[in-house]
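This report concerns only the one structure given below.
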């Protein structure tokens, strides 16, 4: 094995572009590993972790490009690093309009701008957000790793100026029907959304679309907005704006449980809202859900979407999304093919919210799991790279994505994990999510089909049967095509649902049935 | 007070994109007006220099 790198001074590329470059190189024959990163301190640590270092790398700065390759032989290494320009060229899209060099220059040319979308490394993100707010512009802050004190300062400043900061760590927004970040193509309609999680907003908006209704606007807040350190500043700004916005008839709030002080502060404001509100605080106890609130409380994203659609339509009948339909015949068929000793569920998720919601649904069914993002009452997975009994793992968490592409963009890591799970003789169910939409992988199902088939074959060789359960978050308006993705997965023998809550409920029923033994249900 | 947020909702986004170019492309594909800034770390990423710059501007 040989290792080498090329460093290019003062050549900056964005992280998504560099992920594409690294992926292209690593797909070549005899290449063992490839990394394309900017020379930040964090990235240099990541390179050291995979055994790539040296004086040259130490001397590189955040504005310098590092491309490192591990290969079987020197010939491959030279071919890869010697042709860097062609890898960079191949990974760039068609040439667009000449870009601007600074925010000021862009604003001079486009003075009616009203939003800055920021996806620069976290250490610079707060500075760029502040500069945007100072110029009277709203901010969509995709970047993560922004210190909490900076988030608070930005949001307080935005509130003072009548602006909003969506983020940091904001994955999704839909403003006037236009998707920002990882959003789906959904119909416009009467339902406004305020969401702390990107995939939560994606799931809710696609379910509303499937039910025939639509979205006025979906405003992201960032994952920490409802923590007591921030106090829900962006949520309250969004609530005020959606309350006064005439197209919005119902407002849905999607988040993890707020901090205690924040909850005490926001509850009266939600209750005083002149429009109906549906709130889904994922992971919240049943007690909260059963308390008497003047707004509607939903346990899952499915219930929230169904309730919002029902209220918006003025209908008494809940749309079909309300109760996950567990097909008993299908369940019994999958179970009958298994052999004794197969008992565990393994969830391998691209969306953190889906991992979290699945834990809640399994917990409500009395099934405790281990996870790298454990819900209260569940145990933390000692090693996120290795499953233990019932395990649900969020493959979009930092420990998987700090040096590799996010699973919504690239399925390589999920593919490996699925094959590893199939080696466990006690695995019974594999739970997966597939997320479509702008900026996501062009074929999420297609990327994992071979792994699903091989995993099923592997378990089959041992005389057992692997039940693969999948949910697809998307619409037929998405460029990947919802129906096409569902069909691909069904063709590979997966049980497919249009929502994560339904897929998790199916898994819960199957695990319960396995626990009851061969005669159970 | 929150007129600027309402303006964003009422008129739709007119975007300046700093960072990932794909985000600008996907917005353009939806007929959103976008100005993409070819962002690089200010002052080559030198923290002291950035602070100095911020004080001057």
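Each reported figure results from applying straightforward, stated rules to the coordinates on display, with no laboratory input. In this text the structure is predicted, and so the values were computed from the model without any measurement. In this analysis, Cβ positions are derived from the backbone assuming ideal geometry, glycine residues included, and neighbour counts consider all displayed protein chains.
Expected output is a single nm value to one decimal: the length gained when fully extending between residue A:364 and residue A:11, i.e. 0.36 nm times separation in residues minus the C-alpha distance. What is it?
Working: separation 353, 0.36 × 353 = 127.08 nm, distance 5.15 nm.
Extending this stretch completely gives an extra 121.9 nm.
Quick one: divide the alpha-carbon radius of gyration of segment A:170-313 by 2.2 N^0.38 Å and tell me what you get.
0.93
For segment A:209-243 and segment A:127-183, compute the distance between their C-alpha centroids and round to whole Å.
12
Pull out the extension gain between residue A:380 and residue A:228, defined as 0.36 nm times the separation in residues minus the alpha carbon to alpha carbon distance; nm, one decimal.
Working: separation 152, 0.36 × 152 = 54.72 nm, distance 2.33 nm.
Going from the current span to full extension adds 52.4 nm.
Quick check on the exposure proxy: order A:87, B:39 from fewest to most C-beta atoms within 10 angstrom.
A:87, B:39
Taking 7 Å along the Cα-to-C-beta vector as the label spot, tell me the residue A:187-residue A:2 distance in nanometres, rounded to one decimal.
6.0
Quick check on the exposure proxy: order A:217, B:36 from fewest to most C-beta atoms within 10 angstrom.
Numbers: A:217 27, B:36 24.
Fewest-to-most ranking of A:217, B:36: B:36, A:217.
For segment A:328-515, what does the alpha-carbon gyration tensor say about shape, rounded, prolate or oblate, given a ≥ b ≥ c as the root eigenvalues, a/c under 1.5 as rounded, and a/b over b/c as prolate?
Working: a/c = 1.40, a/b = 1.16, b/c = 1.21.
Cα axes put segment A:328-515 in the rounded bin.
222 nm [θ] for chain A, helices only, -39500 (n - 2.57) per DSSP H run of 4+, per residue, to 500?
Only helices count here, giving -12000 deg cm²/dmol.
Could you work out how far apart the two model spin labels at residue A:461 and residue B:38 are, taking each label as a point 7 Å from the Cα in the direction of the beta carbon, and quote it in nm?
Computed distance between label sites residue A:461 and residue B:38 equals 5.1 nm.
Express in whole angstrom the spacing between the alpha-carbon centres of segment B:28-57 and segment A:402-470.
First find each Cα centre; the distance between them is then 39 Å.
Evaluate the relative contact order of chain A (contact order divided by residue number), counting alpha-carbon pairs under 8 angstrom at least 6 apart; express in whole percent.
Once normalised by length, the contact order is 10 percent.
Which whole-number percentage describes the relative contact order of chain B, with Cα contacts under 8 Å and a sequence gap of 6 or more?
27
In segment A:19-50, which residues have a backbone nitrogen under 14 Å from the label point lying 7 Å from residue A:92's Cα in the Cα-to-Cβ direction?
Under 14 Å, as judged by backbone N against the label point of residue A:92, lie A:21 of segment A:19-50.
Principal axis lengths of chain A from Cα atoms, whole Å, largest first?
Result, largest extent first: 64, 64, 38 Å.
Seen from all sides and averaged, what is the projected area of the convex hull of the Cα atoms in chain B, in nm²? Before the final figure, lay out the partial values.
Details: hull surface 23.2 nm².
Directional mean of the projected Cα hull area for chain B stands at 5.8 nm².
Give the share of C-alpha pairs in each 5 angstrom bin for segment A:127-174, from 0 to the last occupied bin, in whole percents, shortest bins first.
5, 24, 36, 24, 10, 0
For segment A:433-487, calculate the relative contact order in percent as a whole number, restricting contacts to Cα pairs under 8 Å that are 6 or more residues apart.
Working: 57 pairs, mean separation 26.6, N = 55.
Here the relative contact order equals 48 percent.
Can you compute the modelled spin-label distance between residue A:160 and residue A:102, with each label point 7 Å from Cα toward Cβ, in nm?
In this crude spin-label approximation the distance works out to 2.3 nm.
I'd like the mean, over residues of A:9-16, of how many other protein chain beta carbons sit within 10 Å of each residue's own Cβ.
Partner-chain Cβ atoms within 10 Å, mean over residues of A:9-16: 4.
To the nearest whole number, what is the average tally of beta carbon atoms from other chains within 10 Å of the beta carbons of peptide A:122-131?
Across A:122-131, the average partner-chain Cβ count within 10 Å equals 3.
Is segment A:2-91 rounded, prolate or oblate when judged by the Cα gyration tensor, a ≥ b ≥ c being the square roots of its eigenvalues, rounded requiring a/c under 1.5 and prolate requiring a/b larger than b/c? Mind showing how you got there, number by number?
Details: a/c = 1.68, a/b = 1.22, b/c = 1.38.
Here segment A:2-91 falls in the oblate category.
Using a Förster radius of 22 Å, what is the FRET efficiency between residue B:51 and residue A:152 based on their Cβ-Cβ separation? Nearest 0.05, please.
Working from the Cβ atoms, E equals 0.65.
What value, in deg cm²/dmol to 500, does the helix sum -39500 (n - 2.57) over DSSP H runs of n ≥ 4 give at 222 nm once divided by the residues of chain B?
Roughly -13500 deg cm²/dmol at 222 nm, from the helical runs in chain B.
What translational diffusion coefficient, in µm²/s and rounded to a whole number, does the Stokes-Einstein relation yield for segment A:30-134 at 4 °C and a viscosity of 1.567 mPa s, taking the hydrodynamic radius as the Kirkwood radius over Cα pairs?
77
Which of A:414, A:131 comes first, and how do the rest follow, when ranked by fewest Cβ neighbours within 10 Å?
Final ranking by Cβ density, sparse to dense: A:131, A:414.
Considering every Cα-Cα pair within segment A:139-233, what fraction, in whole percent, is farther apart than 22 Å?
27
Peptide A:171-183: average number of partner chain Cβ atoms within 10 Å per residue?
4
From zero outward in steps of 10 Å, how is the percent of C-alpha pairs of segment A:451-501 spread across the bins?
Whole-percent P(r) values from 0 Å outward: 26, 45, 23, 7, 0.
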